[in-house]
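Read the structure below first, then the notes.
Nothing in this text is a laboratory measurement; each read-out follows from the coordinates by a stated rule. Just so you know, these numbers come straight off a predicted model, no measurement behind them.
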């Protein structure tokens with residue numbers, strides 16, 4: 001019977017060039033796709049290539065550095081934590097005293 005090595009990366013997160021977490025990879029791909037579509041739209045609109053190419057390269061560079069900075073700062077699950085934090089209510093308002101009255105009954 002042959003010797004087959006075990007898969008050592010079963011529970012490890014997805015990683016691409018130091019970018020940890022599938023959410024950051026999708027964010028990177030979506031942003032670069034948007035930059036590319038913007039470049040195509042500007043080129044089809046008739047703007048000079050001397051203007052559109054630096055804009056696209058600058059936008060792509062800014063997007064890549066921002067996503068890598070977010071990944072380094074917040075980690076693998078940080079994007080989901082930040083999204084969940086922004087969806088939490090600032091305060092809970094209760095205008096009905098019925099719940100508190102029911103607590104005091106024996």
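So here's what we get for this one:
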| item | result |
| --- | --- |
| Degrees between helix 78-87 axis and first principal axis of the chain (Cα, 0 to 90, nearest 10) | 50 degrees |
| For region 71-101 and region 1-65, distance of Cα centres in Å | 30 Å |
| Region 12-97 - percent relative contact order, Cα under 8 Å, separation 6 or more | 33 percent |
| Length added when fully stretched, residue 49-residue 95, from 0.36 nm per residue minus Cα-Cα | 10.5 nm |
| Extension reserve of the residue 7-residue 88 stretch, reckoned as 0.36 nm per residue once the Cα distance is removed | 25.3 nm |
| Cα-based equivalent ellipsoid of region 15-103: semi-axis lengths in Å, sorted from largest, via gyration tensor | 43, 19, 9 |
